[in-house]
Amino acid sequence: MAKKKENKDELKHNPEEELDCGTEEKAEEIKQPSELEKAQALAEDYKRKWYAVSAEYDNYRKRNQSAVSKAYQDGAAEAVLKLLPVADNFGYALDGASDEKTKAGIEKVIKSFNSILGSLGVEEIQVNAGDGFDEAVMEAVLDFPCEEGEEPNTVKQVLKKGYKAGDKVIRYAQVAVTI
């Protein structure tokens, strides 16, 4: 009967003995990533970096495009601003012209000038005598006391036309207002 007990003990599985039989090397191999896993992790890291650089470049391109567009618009507005005194002088010449042929010629020049401004996206700010004063598009350069029947802060006279490109005012309309 003693032999039967020994056989039963031999049949019992002892996991500690397995570790002693070289499985430590196998466990160590399992813990360390293989070359394939290292390459996959490196590829994933490069992919994340590529996405970040790609997104950063796209944002840079959009910012740069916006800055170039704004610089172009500002440059065009600056050039138009320097040409506006010429338009004013044609208006004064039209007011002072005595014969019809001269008036017709000056009107053609003014119309041509206005079409060029329109092609650049520049339009005249519509201001008439009797309109309310709007500081967003007008500049009061003279003031007059209210006469009978006039409201305060109304445009009495338009001295120079104002112009805008989109929402940006290139030159404020210069007006005389009642106080």
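The values are calculated or read from the model by the stated rules, or taken from the named source; none is laboratory data. All values derive from a computational prediction rather than experimental measurement. Neighbour counts run over all protein chains shown; Cβ positions are idealised from the backbone, glycine included. Note: areas computed on protein heavy atoms with side chains; ligands, DNA, RNA excluded. Shrake-Rupley method; radii C 1.70, N 1.55, O 1.52, S 1.80 Å.
For Asn114, state whether it is open to solvent by 70 Å² or more (accessible area, probe 1.4 Å) and either of a type in the set (A, V, I, L, M, F, W, C) or outside any strand (DSSP E or B) (or both).
no
If I ask for residues that are under 18 Å from Gly121 (Cβ atoms) and crowded, with 16+ Cβ neighbours inside 10 Å, which ones from segment 155-171 would you list? Let's see the steps before the verdict.
Start the filter on segment 155-171 by keeping residues that are under 18 Å from Gly121 (Cβ atoms), which leaves 161-171.
Across segment 155-171, the qualifying residues are Lys161, Gly162, Tyr163, Lys164, Ala165, Val169, Ile170, Arg171.
Working carefully through the options Ala129, Ala93, Ala87, Ala104, find the one that is surrounded by 14 or more Cβ atoms within 10 Å (Cβ to Cβ), more than 22 Å from Gly166 (Cβ to Cβ) and among the aliphatic types (A, V, I, L, M). Walk me through it before giving the result.
Working: Ala129 fails: surrounded by 14 or more Cβ atoms within 10 Å (Cβ to Cβ); Ala87 fails: more than 22 Å from Gly166 (Cβ to Cβ); Ala104 fails: surrounded by 14 or more Cβ atoms within 10 Å (Cβ to Cβ).
One residue alone meets the criteria, Ala93.
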